[in-house]
Amino acid sequence: MQEDNHLELPNNIDECHNLIKELSKKINELTHRLQLLTKQKYGKKAEDLNVEQLKIVFEELKNEYPELDLTQFEEQKIDEVTKVSKTSGGGRRITQSNNKIETKVITHELNDESLICPDCQIPRVECGSVTTSELDYIPAKLIILEHKQIKYACKKCKASVLLAPKPEMPAIEKGAPSFSLLSNIITSKYADHLPLYRQEQIFERLGVSIPRSSMCRWLGVIADKLEPVYNAIKQNILESNVVQADETPLKYLQEKKAGKANYGYIWTYIGDKNHNYVAYAFHTDRSGINPDKFLSTYIGYLQTDGYTGYNRVNSKDGMKSLACWAHARRKFTEALNNNKVHASYALLEIGKLYAIERKIKDLDEDEKLKIRKLEAIPILNSFKEWLIKMKIKYSTNEPFDKAISYALKYFDKLTVYTEQGYLSIDNNMAERNIRPIAIGRKNWMFLGNEGAGKTFAILSSLVNSCKMNDINVYEYIKDAIEKLTINPKVNISELLPLNWQKNSTKQD
């Protein structure tokens with residue numbers, strides 16, 4: 001067996017002890033990371049403590065924190081777990097998400113022979129009916145719209161030839177796709193995360209060959225056409241009192257090196273409830289220049305996860321930075337295996353803050369602010385004192401210590417949400433709008449090139465802004481493309497998803 005020349009063991013006993021401590025620390029760190037990765041891949045995504053976890057740690061918590069009242073929390077959690085679901089089961093009832101589903105009535109009648117009553121020998125008469133429903137599916141199909149423009153000429157002079165006009169211009173110059181086909185491709189890719197190669201296969205089954213390269217080119221053309229609407233969404237977000245931001249990596253292929261992929265980043269920006277849109281921006285790096293450029297004209301609250309890339313924009317006059325309690329809570333969730341009792345206590349205290357938010361979610365901003373001042377601030381003050389004590393007691397580099405350090409580092413920013421009723425306790429809205437990117441990433445894997453990032457950002461912004469506001473993505477995209485094609489000087493504000501929805505409702 002070959003001797004390992006790289007491992008040099010010290011001869012001094014103290015040095016051996018130090019080495020064992022370092023190795024033990026490294027083993028604990030790697031074990032913790034393995035547990036996190038295993039949970040991420042196979043475990044449940046919820047970050048709250050469940051009843052079974054609490055049963056294990058309750059006695060230890062009561063011993064460590066005798067002043068802690070767990071009765072109300074235990075009853076609440078057990079009630080949530082044992083609550084009978086009111087969702088419908090596997091019955092025959094059909095629930096429509098809108099009123100646009102066509103109903104076709106099929107009437108079943110008896111023949112003349114069956115109508116005769118066996119006792120009286122006279123025909124039975126109709127006395128009612130029994131109705132059952134089944135949901136039918138009509139497969140999608142493609143049709144060719146052949147525009148035949150009739151020529152007209154003067155019968156006498158054979159001149160003054162006039163061609164009947166077409167009702168609309170083509171969506172793609174010298175291209176074949178209609179507005180509805182383009183909208184379907186965009187909806188399928190950006191709302192349903194269906195890669196172009198799968199759409200190519202679907203169209204092939206429908207009897208038409210549409211190469212993915214053609215669809216890719218079409219998406220770029222339509223993104224350029226819709227860019228003014230994207231810019232209007234961005235401007236609308238910048239008028240918010242508070243903007244939430246987040247970012248996630250996304251691979252893109254290098255144009256100069258075939259088959260080589262680099263990591264870029266999709267940045268997400270969410271407006272407040274009065275500017276309820278999302279705008280994405282693609283960049284090839286994670287530099288703080290990117291959010292600074294996007295938010296160059298913005299003044300207000302900015303809520304993020306604490307990433308230092310936002311420090312540049314937060315340093316501007318008039319900016320106020322908020323941190324995210326969901327991220328702080330996640331750190332303590334990750335520390336449960338390292339220090340179950342104290343991490344559980346932290347999660348219970350953070351849970352109190354979220355319980356207040358659930359209680360006030362339907363109140364107006366003034367009432368929210370009043371209750372936060374009255375109930376949340378005392379909890380925050382007490383929790384900060386506890387964090388400081390724990391930091392003194394646990395000064396290692398273990399997961400629990402990291403959770404403590406994270407919470408203390410951003411604590412002032414974590415309390416900013418109590419300043420205004422319209423602020424949120426966490427950055428979850430931005431994270432929810434990062435999720436479609438993550439789902440899509442698993443399907444189409446990467447962007448074809450750096451330029452495709454702009455197309456992706458524009459079309460994803462419009463699609464997900466519609467989804468945020470329960471707007472039919474297909475109908476909106478189809479109508480927006482059509483209006484911009486027929487009249488490039490159309491009022492762009494009318495094509496903002498919420499304004500479009502209002503106008504569509506009036507017309508209906």
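Bear in mind that the values in this text are calculations on the coordinates, not laboratory data. Everything numeric here is computed off the predicted structure, so don't read it as measured data. Every residue, glycine among them, receives a Cβ derived from its backbone with ideal geometry; neighbour counts consider all protein chains shown.
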* To do: May I ask you to list the trypsin sites (Lys or Arg not before Pro) in the range 171-207 that are in a DSSP loop and have at most 10 other Cβ atoms within 10 Å of their Cβ?
  => Lys174
* To do: Would you mind computing, in nm to one decimal, how far apart the modelled labels at Ser315 and Asp412 are, each placed 7 Å from Cα along Cα→Cβ?
  => 1.6 nm
* Asked: Where does the charge balance sit around Lys234 when Lys and Arg score +1, Asp and Glu -1, over other residues with C-beta under 15 Å from its C-beta?
  -> -2
* What net charge is computed for the residues neighbouring Pro10, neighbours being all others with C-beta under 14 Å from the C-beta of Pro10, Lys and Arg scored +1, Asp and Glu -1? -> -3
* To do: Starting with the highest mean, order 223-232, 381-390 by the number of other Cβ atoms within 10 Å, averaged over the residues of each peptide.
  => 223-232, 381-390
* Förster radius 51 Å - calculated FRET efficiency between Cys157 and Lys100 (Cβ-Cβ, nearest 0.05) -> 0.45
* Local charge sum around Leu196 (other residues, Cβ-Cβ under 12 Å, Lys/Arg +1, Asp/Glu -1)? -> +3
* J(HN,Hα) series, the range 260-277, from Karplus relation 6.51 cos²θ - 1.76 cosθ + 1.60, nearest Hz, glycine and proline x -> 8, 10, 10, 9, x, 9, 9, 9, 10, 10, 10, x, 7, 5, 8, 9, 7, 9
* Asked: Distance from the Cα centre of the range 157-233 to that of the range 309-349, in angstrom?
  -> 45 Å
